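Below is one structure; the comments refer to it alone.
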Amino acid sequence: MPRTRASASPLFVPRKTSRAEQRAARAGFAEARRQARLAGTPPKHRAEQTLDPELRPAYPPAGRPGPASARGGKLRLPSHRMTTATASGAYPFVAEGGLGAEGVFIGRDVHAEAAFCFDPFSLYSSGRIEGFTNPNVVLAGIIGMGKSALAKSIATRSIAHGYRIYIPCDPKGEWTSVSQALGGYSIALGPGLPGRLNPLDAPARPASVSEEDWSTEVRKRRLLLLAGLARTVLKRDLLPMEHTALDLALDLVVAEAAARDMVPLLGEIAHALGSPEHLDRAFGHQSGHLGSAAQDLAHALRRLVHGDLSGMFDAPSTVAFDPSTPMLSIDLSQLGGSGDDTALVLAMTCASAWMESALADPDGGRRWVIYDEAWRLMRHVGLLERMQSQWKLSRGLGIANLMVIHRLSDLLSAGDAGSRGRVLAEGLLADCSTRIIYRQEPDQLAAAASLLGLTGVETQAVSALTKGRGLWKVAGRSFITQHILHPAERELFDTDARMSAKVREFTNTDVLIPVNRRVDPRRPAPAGQHSVPAGIEPAGVET
C-alpha cells in the first residue's frame, strides 16, 4: 500500500494585518502541519493516537524525558532527616549504638567497626537495655568455631575487673592450666587420685543469718543433694517412704557426728539406710516396713562409697574452699570416658553441692559460674533442677551463669515435649538474657531459629559465620562480633595442640637450609653439618 505524503507551508501574510489576523494565520499553519503529519502516519499508529487520553501511556517507551529520568547519574532527591531511634530500627547492623565501653573487651563489632565490650552485671545495674532482666548467658557453637576460647577469654578478662570464676564441672580438663596460670587452683577427682570432697560439708554461715535458720538451710541442702544422688542412680523419682527413710537417716548421722564433733559422711548415710532395725527404732511407734523400703536407697548410695566412685566422696575433704581465689575448677576428665555419664553426673552433683558454700554467700562479690560441656548434663533432671535454682537466684547471689553447649537442639534432648526435663531445659534458656550463637550446621538452623526467635537475616548469618565470629543477642539487640585473642591467650587456650603437633622436632645435627636456595650436593657441607645426598631434597623446602 503506497504511503500518503503531505506537507504544509506558510502562506503570505500582508504586512499591515492586525495581530489577531497574524495569530489566526499561525494557528491555521500549525493545524495544517498537524493534519499533514497525520496524513503521513500509517493507519495503525493513527489509531493509537486517537485513543482515549486516559488510556494512553504516561511516558514513551524510551522512558521519562528530562533530568528526572535518572539517566546519566543526575538524579537529585531531597534530603531526609530522622532520629537515631528511627535510623537504628531501619538499619540495625549499621547504626547500632553498641553496649558501651564499660565491661570486658570481647573483640570487634563487625558492622559498626568498633570495639565490643560486655559485662552482664553493669548492664543489669545500669538499666540501659530494656528487657535485660538477668546476667545469665548461653553459648552455642559447633566444634572448632572458638566457643571454648571465648568462654575462657571472658573468664580470664573478668578477673581483671575483680570477678571470681568457678567451674563446677570440667569434663575435659581444659581449665586446669588456665586456673593455675591465673593464680587459682584446680581439684582433680577420679579413681586413684588423692583429691577428696565431702559434699555434706556445711558452708560458712553468713553474718546476716541466725544459727537456727542456717541449720535449717543446711539440712534442706543436704536432703536435696541426697535425693538428687539417689534419683540419678535409680533413674526414677523417690517414693514417699524412701523420702522418709532418707530424712531419718540424715538426722541420725548428723546427730552422731555432732556428738563426736565430726562432719557427716556419705558412707555413714548409706550404712544407716542399710540398717532396717536402726531406722525402724528411730521411726518409733509408726514403724512398719520403713527399713526394708530403704534398701534401694542404700544400694544407690553405696556406689559412691564402694562402687566406681569410691575414694572421692566418702572421706573428709582434703582441700578447703577458698572463696578469695580468682579461679577454681573441678577436673572430672577421669570420669565419663566410657560413654556412661552417670559417674560424671554423680561427681558433678557432689562437687556443685560442695561449691555452693561460696555461691550462697551474698557478700561474696560478683562471680562467674561456667558450665562447660553442659550438653552432657541435659539428660539428668537432678542436675537441671540444681542449675535452675542457681539461674533463678543469680541476681540475689551476685553470680552470672554461663552454659556452653554445641547445638541448641541439645536442650531438646532433656526429654519429650512437656516432660519435666524439657521444661527445665527450656526454662534455663528463657532465663538467659544473653544468647551467643556461633556457627550452626544447616540441619540445626531450624531448631536454633525456633528456640531463639531468630529472624531470617540472623538465621542466614549464623549459617555463614567464620571461626571466632558469633551472633550476640543481648535482650533482643543483635550484634555480629569477631572475638579477638591476645597471643598469650591463644597459646594458653589452645585445644588443638594434638591436632597441630609436629611430627618431630629439629635436633642440633639437623641441617637448616635457607628458603629459595638450591642445595648443591657436590659442595661440601660446613663443619658440624651433614651434607645432603645427591637426588634428595629436603621436604618442605621450596626450590
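Most tightly packed first, judged by the mean number of other beta-carbon atoms within 10 Å of their residues, the peptides 232-241, 408-417 read 408-417, 232-241.
Fully extended, how many nm does the chain gain between S310 and A114 (0.36 nm per residue separation, minus their Cα-Cα distance)?
On the way: separation 196, 0.36 × 196 = 70.56 nm, distance 5.30 nm.
Separation in residues times 0.36 nm, less the Cα-Cα distance, equals 65.3 nm.
Please give the peptides 17-28, 316-327 ranked by average Cβ packing (other Cβ atoms within 10 Å per residue), highest first, as a rough proxy for protection. List each step's numbers first, then the result.
Details: 17-28: 11.0, 316-327: 14.2.
Order by mean packing, descending: 316-327, 17-28.
Measuring r between the beta carbons of A475 and V423 and using R0 = 25 Å, the FRET efficiency lands at 0.65.
Solvent-accessible area of the range 122-209 (1.4 angstrom probe, protein heavy atoms only): carbon and sulfur portion equals 54 percent.
Multiplying the sequence separation of T86 and R56 by 0.36 nm and subtracting their Cα-Cα distance, what value in nm do you get? Walk me through the intermediate numbers first.
Values: separation 30, 0.36 × 30 = 10.80 nm, distance 4.06 nm.
This chain segment gains 6.7 nm when fully extended.
Between A258 and S389, the C-beta separation translates, for a Förster distance of 22 Å, into a calculated FRET efficiency of about 0.25. Heavy-atom accessible surface of the range 157-227, averaged per residue, reaches 45 Å², computed with a 1.4 Å probe. The label-point distance for R219 and F105, in a model that sets each label 7 Å from Cα toward Cβ, rounds to 5.4 nm.
Highest mean first, how do 397-407, 248-258 rank when packing is the count of other Cβ atoms within 10 Å averaged over residues? Present the calculation step by step, with values, prior to reporting the outcome.
Details: 397-407: 22.0, 248-258: 17.9.
Sorting 397-407, 248-258 by mean packing, highest first, produces 397-407, 248-258.
R469 exposes around 60 Å² of accessible area when a 1.4 Å probe is run over every protein chain in place.
The values are calculated or read from the model by the stated rules, or taken from the named source; none is laboratory data. Worth saying up front: this structure is predicted, and the values here are computed from it rather than measured. Quick reminder, even Gly has a Cβ in these numbers, built from the backbone with ideal geometry, and neighbours come from all protein chains shown. In case anyone asks, the SASA skips ligands and DNA or RNA and just uses the protein heavy atoms, side chains included. Shrake-Rupley method; radii C 1.70, N 1.55, O 1.52, S 1.80 Å.
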